[in-house]
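What follows is calculated from the coordinates using simple rules that are stated; it is not laboratory data. Everything numeric here is computed off the predicted structure, so don't read it as measured data. When we count neighbours, we look across all protein chains shown, and the Cβ atoms used for this are built from the backbone with ideal geometry, even at glycine.
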Amino acid sequence: MKLQTFDEKTYHLDIMYHQGVYENSIHFIFDHESKTCAIVDPAWHGDLFIEYAQKKGYVITDIWLTHWHGDHTNAADEIAEKTGAKITVGINELPYLDIEHDLTTVNDGDTIALGATTATVINTPGHTAGGVCYLLDGHIIVGDTLFVYGAGHCSMPGGSVHEFYHSMQKLKTINDDVMLHCGHDYGCKINTTMGEQKSGNAYLLLDNERDFVRFVEGMSQGLVAYPTEALSLKEVQAML
């Protein structure tokens, strides 16, 4: 199991990589002051995650979901049942979620708190209808909205290539030095910044909706190769 920790003023972020069938990345936000933990997109190994937080001296009080897909949610009910944690999700995901526990909904621009730590909610539909990202101080957790030099597909219920394009334009406004953390380790490296992705991620380079749709749909048809390393805009345009 690969682990990474990032220490910030009010919290530290631990990432547990390669979990479950689809090798998910599980994110733990540990608030220093309150000794509480928010886990983002818990799947596959609920007891392992609870034990991990407890051994570090924290209690899981919050579950933050980026989107409804089962490989990001299938341990949410289990953890909520065993810890009493509150489950938070983007309001537009409600029609798609299969979760028994009560849900707290958030929308674009909302701020959620974990002790002294806060995160801003950014609606990023496209991969799903109501996907959200969580922007913390110095870090953004994006689920499958972005990968390192790639992004999620738009082929499941609620997905939309056109909405995905507009979500990418929104993410281009995030500061360059913010570290990007994805739902899977599918790229050529684990650590990256928004600046690196803005300069080399095809999904962020394309600033024309028509070209973006051609690119994504071409990939789904096997006409465009999925990118795993940095590309220039000229290289991306040559693939269209």
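Out of all DSSP beta bridges with both ends in the chain, state the antiparallel percent to the nearest 5.
So the antiparallel bridges amount to about 65 percent of the total.
Cross-chain or 8 or more residues apart, Cα under 18 Å: how many lysine pairs in the chain fit that? Count them up, please.
Total qualifying Lys-Lys pairs in the chain comes to 15.
Mind telling me which of E33, E23, E217 comes out most flexible in a GNM of the chain, alpha-carbon contacts under 10 Å?
E33
On a 0 to 90° scale, report how tilted helix 161-171 is relative to the longest principal axis of the chain, with both axes built from alpha carbons and the result rounded to the nearest 10.
70 degrees
Taking the Cα-to-Cβ direction at K234 and at K55 and moving 7 Å from each Cα, how far apart do the two end points lie in nm?
Going from the K234 label point to the K55 one covers 5.1 nm.
Mind checking the full-extension length gain between K189 and E33? Use 0.36 nm per residue of separation minus the Cα-Cα distance, one decimal, nm.
Working it through step by step, the gained length comes to 52.9 nm.
Given a Förster distance of 41 Å, report the FRET efficiency between N208 and H101 from their Cβ-Cβ distance, rounded to the nearest 0.05.
Efficiency for this residue pair is about 0.45.
To the nearest 10 degrees, how steep is helix 209-220 against the longest Cα principal axis of the chain, on a 0 to 90 scale?
The angle comes out at about 80 degrees.
Give the residues of the stretch 178-200 whose amide nitrogen is closer than 14 Å to a point set 7 Å from the Cα of K172 in the direction of its Cβ.
195, 197-200
Using only helices, what value at 222 nm comes out for the chain when you add -39,500 (n - 2.57) per DSSP H run of length 4 or more and divide by the total residues, to the nearest 500 deg cm²/dmol?
-6500 deg cm²/dmol
What is the helix-to-structure angle for 46-55, meaning the angle in degrees between its Cα long axis and the longest Cα principal axis of the chain, kept from 0 to 90 and rounded to the nearest 10?
On a 0 to 90 degree scale, this one is about 60.
In what sequence do H12, H184 fall when counting other Cβ within 10 Å, fewest first?
Exposure proxy ranking, most exposed first: H12, H184.
Between [x] 30, 18, 16; [y] 26, 23, 17; [z] 34, 23, 14, which entry matches semi-axes √(5λ) of the Cα gyration tensor in Å as derived from the coordinates of this structure?
Working out semi-axes √(5λ) of the Cα gyration tensor in Å from the coordinates points to [x].
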